[in-house]
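Data first, discussion second: the structure below is written as structure tokens.
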Amino acid sequence: MKQYFPLAKTVILSALLFLFPLFFLTTTQEFFLTNKLYLLAFGGLLLILVSTVELLVTKKIKWNTKPFDNVILLFISGIVLSILISSPNKIQALLNPNFGLVGIVSFALLYFYVSRNVGVLRILSVSSVILSILTIFFFFQPFKNTTLPQHFAFFKNANFTPLGNPLDLAIFLGFFVLLGLTRIIKEQRIHAAKKALILNTVYLTVISLAFLLTAYSLFQSFFGKQPSVFLPPFNISWYAAVETLKNLPTALFGVGIDNFSSMFTRAKDFTYNQTVLWQINSFAISRSLLLHVFTESGILGFIGLGIVLISLFKKIIAEKSSTFPAAVYLLVVMLLFPPSFIVFFLLFVLAALIANPVTPSLNSGHSGYGVKNEKDPHHEHELDLSHVIPLYIGLPVIAFVAIGAVVYFLGFHGYMAEYYFKKSIDGITNKNLKLIYDNQRQAIILNPYTEYYRTNFSQTNFLIANNIASARQNRPAGGEGSQQPQLSDQDKQTISQAIEAAISEAKAAVNLNPQRATNWENLAVIYRNIINVAKDADTWTISSYQRAIVLDPQNPIYRLNLGGVYYSMGNYKDAMSLFEQSVGLKPDWPNAHYNLAWADYQNADYQRAASEMQNILNLLDPKKDKADYEKVQKDLEEFKKKLPKIEEQASPSAQKQPSLSLPTPPANTINPKLKLPKEASPEAR
């Protein structure tokens, strides 16, 4: 029976490596990276389970030391410290697919097992070829004009790839192109079998073609009229990293895993608002993986990753490994591109490959990674526990309990929550509000620590309240001369409960991470929409927007929205001040000028109001923005009546801008207003 354990591990590892590039499911909101994360996590647990059973049978612990074991553990330690000390939302930090603890630990487990059985890496050649064939196939959009069932409509997407996005696909294929190229060069030097050279040449050709097609698509996306891929600016990412050095805790431990967005909003400067990205309030990832690790995990995490990279290159250079071009390529990718699950996968695969060197097989016809180099020193250790009963019994018991606990929380709570949230999205497609509500509620019951569950559920509860109020107030009157139907006490109670739930969920998101400006914005939007319904909602709206502005001071949208609240309340002086700030942050935003113009008009500053209207005409294109242009001309004519003279000449520009609109109060009103409990205020915890 003992001989079956190595075989079981080989089968599991081979399955994981083969499935990883190709695996995705439509059972979660995000089809690709989420499912790859859980695949590796559960695969790692299965490997530990097999090792635990092996310990019970053999009563021995056997292991081989590899050169990168300790440095990888050091890197993980830095991440753990960052989560414990700095991360506001620790559970979400565990499950972050780009740079979360569950993902990194899963990769570490993969490294520990693969580096002891490097032959299984051959299977990656097979899956990378299949991935390349799929890439070539979908490049020509075969289903573009085909009617597909709703669950398979994503196949019509020009950017579809099992890896999740085209940038990750290009990085992944580029890595294997270099490995394939260096493999062929090495085989030619040692005069490998002709069959092996032919197969490897075909392998390299297929992957190279897929890489070139993906790179072409990315080039079109980056430089096209409507880019589909947006990357955070390099300069803001650099400022965010430097910002962490301003105090000791963040310098050492970073701002916390899954918390880059809070630092990004603080690091944004005026120039960001002059780019096409300005309406993206924040990015959750840095432009550079290295900068991201530094920002989120601090000096300790960055040093841990740095030692891993230095150790890799030292061994590559010492052994003159053919993996050197692939390693340099990966380092450049980590410097220039954002963190991703795929890049970390390649890093740990490379570490396993270098930790247990292989040479091309002289008689093998496969396109894999060859066989183990017997010259590599192999440090084997063995610990016999047959005479140490407490350890022999205790270690497996601890392992079984830990595996069971992780499976329960990661599977039943983590993955099932994702499953129910995906079902709620299906309810949006079907316009089934009950399906949306029930499944979002179930997702939160299973995992109450995911912020976007809470923010979405808050909006769903408000939608329910709004629908009830609209349905009752828009009901036709009973007859001629009869009054509009009033809300019943039951209606008011239901609306009040839905509003309280909306506020409670929005506040829950804030409490999970009070450093994220978008959480405060969501709370402010909920309050703003109930100003005509609930007492003190106006005060709470102002307070929440002010919190959002403190966290994201360069955001012109927050200031415009807060100014809109004051404008709706008739406080035109404060509204004008905020509109001025919005214009100062985004001078070429017509809607900010439009709101400022009307605030000036309401403050009887007609000269400046007319001047602002004239500025708007200079920012709009009379052809592309015809409706807005005519609207501004009409308003300007009204303003002229208050002045003896106003210049009429306009100099239009060709830039397309958002539509112009003044702040409007919520449509639904309830008299008398609902009195919500004190717990509904933003200050209550």
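So the values come out like this:
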read-out: For Ile257, residues with placed amide H under 5 Å, excluding near neighbours; value: Ile83, Ser87
read-out: Charge-dipole axis of the range 63-371 as Lys and Arg at +1 and Asp and Glu at -1 on Cβ define it, positive-most pick from Phe230, Leu213, Leu110; value: Leu213
read-out: Directionally averaged shadow of the range 167-221, computed from the convex hull of its alpha-carbon atoms, nm²; value: 3.5
read-out: Residues with amide H under 5 Å from that of Ala534, placed H, sequence gap 5 or more; value: Leu674
read-out: Between the range 61-138 and the range 6-43, the alpha-carbon center distance in angstrom; value: 12
read-out: Debye-sum result for the range 63-371 in log10 I(q)/I(0), which assumes one identical scatterer on each alpha carbon, at q = 0.09, 0.12 Å⁻¹; value: -0.51, -0.89
read-out: On Cα atoms only, tilt of 590-602 relative to the major axis of the chain in degrees; value: 30
read-out: Local electrostatic count at Leu662 - Lys and Arg +1, Asp and Glu -1, tallied over other residues with Cβ under 12 Å; value: 0
read-out: Segments 293-300, 59-66 sorted - mean Cβ within 10 Å per residue, highest first; value: 293-300, 59-66
read-out: Distance from the range 197-219 to the range 491-511 (C-alpha centre basis), Å; value: 53
read-out: Value of Rg/Rh across the chain [Cα atoms, Kirkwood radius]; value: 1.04
read-out: Rounded to 10°, Cα long-axis angle of helix 433-446 versus longest principal axis of the chain; value: 50
read-out: Shape call, the range 531-595: gyration tensor on alpha carbons, a/c limit 1.5; value: oblate
read-out: Cα long-axis angle, helix 537-551 against the chain (0 to 90 degrees, to the nearest 10); value: 50
read-out: Radius 9 Å from Cβ of Lys62, net charge of other residues (Lys, Arg +1; Asp, Glu -1); value: -2
read-out: Expected 222 nm ellipticity per residue - DSSP helices of 4 or more, -39500 (n - 2.57), all of the chain, to 500; value: -20500 deg cm²/dmol
read-out: Mean Cβ neighbour count within 10 Å, used as a protection proxy, ranking 265-276, 249-260, 632-643, 510-521 highest first; value: 249-260, 510-521, 265-276, 632-643
read-out: DSSP bridge orientation in the chain - percent antiparallel, rounded to nearest 5; value: 90
read-out: Cα-Cα over 21 Å, subset of Lys66/Lys314; Lys90/Lys268; Lys36/Lys423; Lys431/Lys535; Lys9/Lys422; Lys9/Lys36; value: Lys90/Lys268; Lys431/Lys535; Lys9/Lys422
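No lab work stands behind these numbers, since they all come straight from the coordinates. Not measured: the values here are computed from a predicted model. No Cβ is skipped: glycine too gets one built from the backbone with ideal geometry, and neighbour counts run over all protein chains shown.
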